[in-house]
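Written below as structure tokens is the structure these notes are about.
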């Protein structure tokens, strides 16, 4: 019996040793898999959130571009009258915002011959925009239905046909032909 | 093994089961699967949201483009006709612009501003008046009167006028003066500077109320072509318009008369006459006469009712036709045009008088 007991113990120890050795290999595989999976999940989430933030930025930019296009589409300026004062060499351009968007910001006014050859360009600070009551509109903006006139000075016109182009900050331009 | 190789029908299912078993037991590929799932989910969510969002943006943009096109269509469909425009210069440097507006388009129109440009050899001025709340419904007619202040003009000078209206949609509507086509009609109908409105020829019976003479049934009266004489006498109402080519003012003197000739016998004709009178807004005939002024392009009602010329001490007295039945009528007008003597005989209408 003692002999058998010792023999049995040895057998058990061997068996456990075998089992233990086999499980060791399995544990390392599981751990590595868990680590790998965790890493993949973490990287996945971070990539996902980064992509979402990037797409959000892109969407915002696209949205701004679309809205800008729409606002530009809604812009419309009508020319009520253009008067050239030969004595003061100034041109008065009477405008109405007949579009469907506010804040039509007049940035540049171009004067050219009828064939398109430019005579003069007035930048933002080079001309004054006034309301019909004579008040200066400092920000050069006309809201819906507003009327105003642009005063362009130092123009020496001979008799003939001319073109005027008014450009806005949103990128629209409005042309009008007039005779002196 | 020999059994498997001997039964080909069992090979495929067993291999498949084996493969599935291996796949499930093989932990080495798990992270790749999870990564792939994440990648697919990320891609799908991104593409779906971006795609849907872009569709919505495009729809939004297309709607705005449609709205913009509709605005352009509306702007092109705006049709306002402004005709019979008259200008009157006041002494205070204001100009009264009267015009007849007709919205012949399908849309209601907002009028924002009227512009007036005035010129002659020495003057070149313009101004505008803004409207706060001027609308014209589709199909509506309206007589439009507005005053525009223009510095440097005089009521005694002659000018050329140009005016136009600005609409809320940015259209420009020119105001057409009352000239051109009128002159063609005036030559045919009026033969001269005065045009007669044949459709608005009326008569009234003159009645006496105390010491004053009144037009019965004023202002309606009755058609002047068939006269049922009654009361103290007859008064005729004629609607004339000054269409002088040079736009001068005509002033009618008291000797202006509407007369008729009755062919009573083969050898004789008999006449009846009604001199010009003044009638106030209540239909009362003035006993004296103040010269009637006919401004260019303005329709003016003239009344003829007096038996004699109202001048000096001769006051109004009613006139009756002593003869009846059919008679041609002439309108003999005497006065001044632009300060110069003027006379015009309008071979008028025929009337039939019953007693």
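Throughout, read-outs are computed from the coordinates displayed, never taken from laboratory work. All values reported here derive from a predicted model rather than from experimental measurement. Virtual Cβ from ideal backbone geometry, glycine too; neighbours counted across all protein chains shown.
Students often check this: by mean Cβ neighbours within 10 Å, which of A:32-39, B:107-114 ranks highest, and how do the rest follow?
Top to bottom by mean Cβ count within 10 Å: B:107-114, A:32-39.
What share of Cα pairs, in percent, lie more than 19 angstrom apart in region A:38-138?
Result for the distance tail: 65 percent.
Specify whether the C-alpha gyration tensor of the protein assembly as shown places it in the rounded, prolate or oblate class, a ≥ b ≥ c being the square roots of the eigenvalues: rounded for a/c under 1.5, otherwise prolate if a/b is larger than b/c and oblate if not.
Prolate, because a/c is 1.5 or more and a/b exceeds b/c.
Over chain B, what is the relative contact order in whole percent, taking alpha-carbon pairs under 8 Å and six or more residues apart?
Working: 717 pairs, mean separation 42.5, N = 355.
Relative contact order for chain B comes out at 12 percent.
Once you sort the root eigenvalues of the Cα gyration tensor of chain B as a ≥ b ≥ c, which label holds: rounded (a/c under 1.5), prolate (a/b larger than b/c) or oblate (the other case)?
Verdict is prolate for chain B.
Once you have the Cα-Cα distance between residue B:300 and residue B:104, take 0.36 nm times their residue separation minus that, and quote the gain in nm to one decimal.
Numbers: separation 196, 0.36 × 196 = 70.56 nm, distance 2.75 nm.
Gain on extension, residue B:300 to residue B:104, equals 67.8 nm.
Sorting A:157, B:316 on the 10 Å Cβ count, fewest up front, what's the list?
A:157, B:316
Per-residue mean of other chain beta-carbon atoms within 10 angstrom of the beta-carbon, peptide A:36-43?
4
Could you give the angle, 0 to 90 degrees to the nearest 10, between helix A:2-74's Cα long axis and the longest principal axis of the Cα atoms of chain A?
Around 0 degrees separate the two axes.
Could you tell me how many degrees, from 0 to 90 and to the nearest 10, lie between the Cα long axis of helix B:8-25 and the main elongation axis, the longest principal axis, of the Cα atoms of chain B?
80
With the contact rule set at Cα under 8 Å and sequence spacing of 6 or more, what percent relative contact order holds for chain A?
19
Given R₀ = 56 Å, what would the calculated FRET efficiency be for residue B:19 paired with residue B:70, taking r from the Cβ atoms and rounding to 0.05?
Once rounded, the FRET efficiency stands at 0.30.
Sort A:111, A:41 so that the residue with the fewest other Cβ atoms within 10 Å of its own Cβ comes first and the one with the most comes last.
A:41, A:111
At a 10 angstrom cut-off on C-beta neighbours, averaged per residue, how do the peptides A:145-154, B:266-275 rank from highest to lowest?
So the order, starting with the most tightly packed, is A:145-154, B:266-275.
Nearest 5 is fine: what % of DSSP beta bridges in the protein assembly as shown come out antiparallel, could you say?
Taking every DSSP beta bridge with both residues in the protein assembly as shown, the antiparallel ones total about 95 percent.
Among B:206, B:298, B:34, determine the one that fluctuates most according to a GNM of chain B built with springs between C-alpha atoms less than 10 Å apart.
Result for chain B, Cα springs under 10 Å: B:34 fluctuates most.
Could you line up A:98, B:123 from fewest to most neighbouring Cβ atoms inside 10 Å?
Lowest to highest Cβ neighbour count: B:123, A:98.
Take every residue in peptide A:89-97, count the Cβ atoms of other chains within 10 Å of its Cβ, and give the average of those counts.
Neighbouring Cβ atoms belonging to other protein chains average 2 per residue here.
To the nearest 0.05, what FRET efficiency results for residue A:67 and residue A:92 with a Förster distance of 30 Å applied to their C-beta separation?
That pair, residue A:67 with residue A:92, gives E of 0.35.
For the protein assembly as shown, what is the mean residue ellipticity at 222 nm derived from helices alone (per DSSP H run of n ≥ 4: -39500 (n - 2.57); sum divided by total residues; nearest 500 deg cm²/dmol)? Walk me through the numbers on the way to the answer.
Numbers: 5 runs with 153 residues, N = 535.
Theoretical 222 nm ellipticity from helices: -10500 deg cm²/dmol.
For a quick check, take a GNM of chain B with Cα springs below 10 Å and name the residue from B:80, B:234, B:33 with the largest mean-square fluctuation.
B:33
If I model a spin label as a point 7 Å beyond the Cα along the Cα-Cβ vector, how far apart are those points for residue A:135 and residue B:251 in nm?
Going by the 7 Å Cα→Cβ label model, 4.8 nm.
In whole angstrom, how far apart do the alpha carbon centroids of region B:203-245 and region B:92-153 sit?
36
Helix B:30-77 versus the longest principal axis of chain B: what is the Cα-based angle in degrees, 0 to 90, to the nearest 10?
Long axis of B:30-77 versus the principal axis of chain B: about 10 degrees.
Restricting to chain B, what percent of DSSP beta bridges are antiparallel, rounded to 5? Show your work: numbers first, answer last.
Values: 94 of 100 bridges.
Percentage antiparallel, nearest 5: 95.
Which residue, A:58, A:131, A:159, has the most motion in a Gaussian network model of chain A that connects Cα atoms within less than 10 Å?
Among A:58, A:131, A:159, the largest mean-square fluctuation in the Gaussian network model of chain A belongs to A:159.
Tell me, what does the Kirkwood hydrodynamic radius of chain A come to in angstroms if you use every pair of distinct C-alpha atoms?
The Cα-based Kirkwood calculation yields 22.5 Å.
Quantify how strongly other chains surround peptide A:69-81 by giving the mean number of their Cβ atoms within 10 Å of each of its Cβ atoms.
The shielding value for this peptide is 5.
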